[in-house]
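Data first, discussion second: the structure below is written as structure tokens.
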Amino acid sequence: MQRIDRIFAIERDINGNPAAERLAVRHILSTPLVTELGNWMREQRSMLSANDAVGKKMGYMLNAWPAFTAFLENGRICMTNNAAERALRAVARGRKACLFVGSDRGGERAAMIYTLIATCKLNDVDPLVWLTDVLTRIADISQNRLHELLPWTWKQMREQIDTAQAA
């Protein structure tokens, strides 16, 4: 646990920094700790019985090692899926209401809306402001410019407009 805690401590320190900066810190500080953790787990696992409860958990972690270590190669990836789980919490709470979406297609549409709202929140965009603006503009924008309406691009464009208006 101490080995994992040291990796999480690094993640807490770089949380909120730009992806490139997080990746650089991970390469310098986290990669050696993760490598050490993997080597230690393989060594410990080899000494345990195949039926040992801790050994099974270590085996699971080692089998999922590429997925666990993906955060070391991409600064945008979080070490945990906590953000995704928090975003889905509202879906879990509203599960009973979703029984009445009307059809599979209605359920797919509801899932898309949940995804768009969660994406707004992850990008510090007010979902109501974004959705209001997008719904008023989407009919007049060409398909090759739809990417401009994605929350992260929309936010950048709004910031540029606000800066230009303030100057």
In region 122-141, residues that are loosely packed, with under 15 Cβ neighbours inside 10 Å and under 21 Å from residue 18 (Cα atoms) total 3
Over region 63-77, the set of residues surrounded by 14 or more Cβ atoms within 10 Å (Cβ to Cβ) and touching a residue at least 40 places away in the same chain (Cβ under 8 Å) is 71, 72, 75
Within region 4-23, residues touching a residue at least 40 places away in the same chain (Cβ under 8 Å) and either over 15 Å from residue 75 (Cα atoms) or part of a helix (DSSP H, G or I) (or both) come out as 7, 8, 11, 19, 20, 21, 22, 23
The lone condition residue 27 fails out of (1) farther than 29 Å from residue 123 by Cβ; (2) exposed (fewer than 14 other Cβ atoms within 10 Å of the Cβ) is (1)
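Tell me, yes or no, whether region 35-53 has at least one residue that is among the aliphatic types (A, V, I, L, M) and in contact (Cβ under 8 Å) with a residue 24 or more places away in the chain.
Looking for residues that are among the aliphatic types (A, V, I, L, M) and in contact (Cβ under 8 Å) with a residue 24 or more places away in the chain, one finds at least one in region 35-53, hence yes.
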Subset of region 24-47, residues among the aliphatic types (A, V, I, L, M) and in a helix (DSSP H, G or I), comes to 24, 25, 28, 29, 33, 34, 37, 41
Notebook entry, point to check: Do we find a residue being within 19 Å of residue 88 (Cβ to Cβ) and under 16 Å from the mean Cα position of the chain (by Cα) anywhere in region 139-151?
Noted result: yes
Of (1) among the small types (Gly, Ala, Ser); (2) exposed (fewer than 13 other Cβ atoms within 10 Å of the Cβ); (3) in a helix (DSSP H, G or I), residue 50 satisfies every one except (3)
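Coordinate-derived values only; no laboratory data. Since we're looking at a predicted model, the values are computed, not measured. Cβ coordinates were reconstructed from backbone atoms using ideal geometry, including for glycine residues, and neighbour counts include every protein chain displayed.
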